[in-house]
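What follows is one structure encoded as structure tokens, with my remarks underneath.
The values are calculated or read from the model by the stated rules, or taken from the named source; none is laboratory data. Fair warning: this is a prediction, and the values are worked out from it, not measured in the lab. Glycine gets a Cβ as well: all are built from the backbone with ideal geometry, and neighbour counts include every protein chain shown. When the accessible area is computed, the model is the full protein with side chains, heavy atoms only, and any ligands, DNA or RNA have been set aside. Shrake-Rupley method; radii C 1.70, N 1.55, O 1.52, S 1.80 Å.
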Amino acid sequence: MIDSAKYGPWAVIAGGSEGVGAEFARLLAEAGLNLVLIARKPDPLAETAERCRRYGHEVRTVPIDLSDTAASVRIAEATAGLDVGLLILNAGANTHSREFLDGDLAEFQRVIDLNLSTPLALIHHYGQPMRARGRGGIVLIGSLAGYLGSVRHTVYGGVKAFGRIFAEGLWLELREHGVDVLELVLGVTRTPAMERVGLNFDVPGMTVSDPADVAREGLEWLSRGPVRVVSGNEEIVAMRSDPDRAAAVLGAHRTMQRLMGS
């Protein structure tokens, strides 16, 4: 599934403690890569690291909040000297779900730092040696929220839209240098994070993905880039790309109300 000679010997997974990130970690450990797992909560991080060590490879952990403005510097220091061939940016969330004018600008900045500023800094740091070596891979985890505007997702949706366009441009810049770039666009996925925000997974007709299937699909598509929408969500993306933006936004808004049980 994964070419350890191209993407190894080390993989860095931001958001590697649970859900899709933990499944990426498991698959990569099984494939023979050493891992650096990064996440905010130390206990789930330690549990995932211990499971991955059973495959016989080195696993390091960096417990840090990726919305911290110093996160990228601390991660770079923690991985100094490692030959990192794969960077997976799985961390990301709407940590300040408020209507824009009622929200706190400092908290919105944390959403931007978590989903955009820190990932860009990490890509810049690890991408340069990948390009110099002529091999490697970068995976950004995107969201259907980046395809249209939605209530209380004004900032989060905006940074996710940026991430997709950025990934396409980065893919163009690095494809001739042997470095693969993929944005993997997630829909509703049965992760602990989505369970914590109270998503209703039982809405009739709703596509709900399994984290293990999502991680596997991401690794299978890494060499093809630049964007892969997780299977089952293609129709949703087509609807959200409708040139009649008012109809698309209002339709998606009604769907989200059902999803959130409101």
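Numbers at a glance
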read-out	value
Flag for PHE162 being open to solvent by less than 30 Å² (accessible area, probe 1.4 Å), part of a helix (DSSP H, G or I) and in contact (Cβ under 8 Å) with a residue 12 or more places away in the chain	no
One residue from ALA91, ALA121, ALA161 being within 19 Å of LEU35 (Cα to Cα) and hydrophobic (A, V, I, L, M, F, W, C)	ALA91
Residues that are part of a helix (DSSP H, G or I) and open to solvent by 10 Å² or more (accessible area, probe 1.4 Å), drawn from region 45-58	ALA46, GLU47, GLU50, ARG51, ARG53
Residues within region 1-35 that are touching an Asp or Glu at 6+ places or on another chain (Cβ under 9 Å), assigned to a strand (DSSP E or B) and farther than 19 Å from ARG131 by Cα, tallied	2
Count of region 89-111 residues which are within 18 Å of GLY163 (Cα to Cα) and open to solvent by less than 50 Å² (accessible area, probe 1.4 Å)	8
Count of region 107-154 residues which are β-branched (Val, Ile, Thr) and in contact (Cβ under 8 Å) with a residue 60 or more places away in the chain	4
Single match in ALA31, ALA46, ALA25 (criterion: more than 23 Å from GLY127 (Cβ to Cβ), touching a Ser or Thr at 6+ places or on another chain (Cβ under 7 Å) and either without any contact (Cβ under 8 Å) to a residue 40 or more places away in the chain or of a type in the set (Ser, Thr, Tyr) (or both))	ALA46
When residues of region 209-241 are limited to those that are in a loop (DSSP other than H, G, I, E, B) and exposed (fewer than 15 other Cβ atoms within 10 Å of the Cβ), the one modelled with the lowest pLDDT	SER241
Which numbered condition PRO42 misses (of (1) in contact with a strand residue (DSSP E or B) (Cβ under 8 Å, 6 or more places away or on another chain); (2) surrounded by 15 or more Cβ atoms within 10 Å (Cβ to Cβ))	(2)
Candidates GLY149, GLY187, GLY178 - the one that is at pLDDT 95 or above and open to solvent by less than 60 Å² (accessible area, probe 1.4 Å)	GLY178
Residue check for THR118: modelled with pLDDT under 95 and of a type outside the set (Asp, Glu)	no
LEU82 being closer than 21 Å to VAL185 by Cα and either modelled with pLDDT of 95 or more or aliphatic (A, V, I, L, M) (or both)	no
Hits in region 59-88 - residues which are more than 19 Å from the chain's Cα centre (by Cα) and surrounded by fewer than 15 Cβ atoms within 10 Å (Cβ to Cβ)	ALA70, VAL73, ARG74, GLU77, ALA80, GLY81, ASP83
Cross-chain or 6+ apart pairs with Cβ under 9 Å, region 241-253 first and within 20 Å of GLU99 (Cα to Cα), then open to solvent by 70 Å² or more (accessible area, probe 1.4 Å) and not β-branched (Val, Ile, Thr)	ALA248/MET239; GLY251/MET239; ALA252/MET239
Pairs with Cβ under 7 Å, 6+ apart, first in region 219-230 and under 18 Å from ALA25 (Cα atoms), second in a helix (DSSP H, G or I) and open to solvent by 30 Å² or more (accessible area, probe 1.4 Å)	none
Tabulated pairs, region 94-106, first closer than 10 Å to ARG152 by Cα, second open to solvent by 100 Å² or more (accessible area, probe 1.4 Å) and assigned to a loop (DSSP other than H, G, I, E, B), C-beta under 9 angstrom, 6+ apart or interchain	ASN94/ARG152; HIS96/ARG152; SER97/ARG152; ARG98/ARG152; GLU99/ARG152; PHE100/ARG152; GLY103/ARG152
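One line per residue, one yes/no per condition, for (1) assigned to a helix (DSSP H, G or I); (2) under 28 Å from GLY8 (Cβ atoms):
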residue	(1), (2)
THR61	no, yes
VAL73	yes, yes
ALA91	no, yes
ASN94	no, no
LEU101	yes, no
LEU116	yes, yes
PRO119	yes, yes
